[in-house]
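J.: Pasting in a structure now, in structure tokens, and then I'll have a few things to ask.
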Amino acid sequence: MLGVEENNPYLRLYDTMGKRRTPLSVGADGPSLLMYDGSGNERAGWFLTPDGSSLQMYGADEKVRFSLGEMPDGTASLSLFDAHEKSRAGLVLLNDGRPSFQLLDENEKPIWTAPPGLAVTPSNTTNQ
């Protein structure tokens, strides 16, 4: 189905049972592509905004569990989230090539960082 909603064009693909499975839309911030499972739950999303791009995977509860992103400065990040959508682990590759890996507590505070002293928390990589 092709359409326009609030001045944003979209394409929605449905399965043989008539369930929405893959909407593609272009909003003011950029395009997004979502994927839904057979139960209608959002399970994956790809977002491109002026602030960067991200690929996100969601659990059956539609909460973000995994995010892979790229920021405008070229920094790449991989974030893993707990059941409460709190960032708990992150791998960042800065645009100058330096890597950083962090483990975070339930309040998203670093509990371990490698290399020591290079603390870059990728908790702001979700596009919800």
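J.: Being in a strand (DSSP E or B), in contact with a strand residue (DSSP E or B) (Cβ under 7 Å, 6 or more places away or on another chain), hydroxyl-bearing (Ser, Thr, Tyr) and closer than 19 Å to ASP51 by Cβ is the requirement here; does SER100 meet it?
T.: For SER100, the condition - in a strand (DSSP E or B), in contact with a strand residue (DSSP E or B) (Cβ under 7 Å, 6 or more places away or on another chain), hydroxyl-bearing (Ser, Thr, Tyr) and closer than 19 Å to ASP51 by Cβ - is not met.
J.: Let me ask something additional. Could you name every one of the strands (runs of 3 or more DSSP E) located completely within the range 34-97 that has at least 2 residues being within 21 Å of ILE111 (Cβ to Cβ)?
T.: Fully inside the range 34-97 and qualifying: 64-70, 76-81, 87-93.
J.: Search the range 63-84 for residues being charged (D, E, K, R) and at pLDDT below 95, and hand back the single one that is nearest to SER32 (Cα to Cα).
T.: Per the stated criteria, the residue is GLU70.
J.: Here is a further query. Taking the condition touching a strand residue (DSSP E or B) at 6+ places or on another chain (Cβ under 8 Å), exposed (fewer than 13 other Cβ atoms within 10 Å of the Cβ) and in contact (Cβ under 8 Å) with a residue 12 or more places away in the chain, does PRO50 pass?
T.: yes
J.: Now, a different point. Tell me yes or no: at least one residue of the range 81-95 is among the polar types (S, T, N, Q), touching a Gly at 6+ places or on another chain (Cβ under 9 Å) and crowded, with 17+ Cβ neighbours inside 10 Å.
T.: no
J.: On the basis of being over 20 Å from the mean Cα position of the chain (by Cα), surrounded by 14 or more Cβ atoms within 10 Å (Cβ to Cβ) and in a strand (DSSP E or B), does THR113 make the cut?
T.: yes
The values are calculated or read from the model by the stated rules, or taken from the named source; none is laboratory data. Being a predicted model, the structure only gives us computed values, none of them experimental. So basically every Cβ, Gly included, is an ideal-geometry build from the backbone, and we count neighbours across all protein chains shown.
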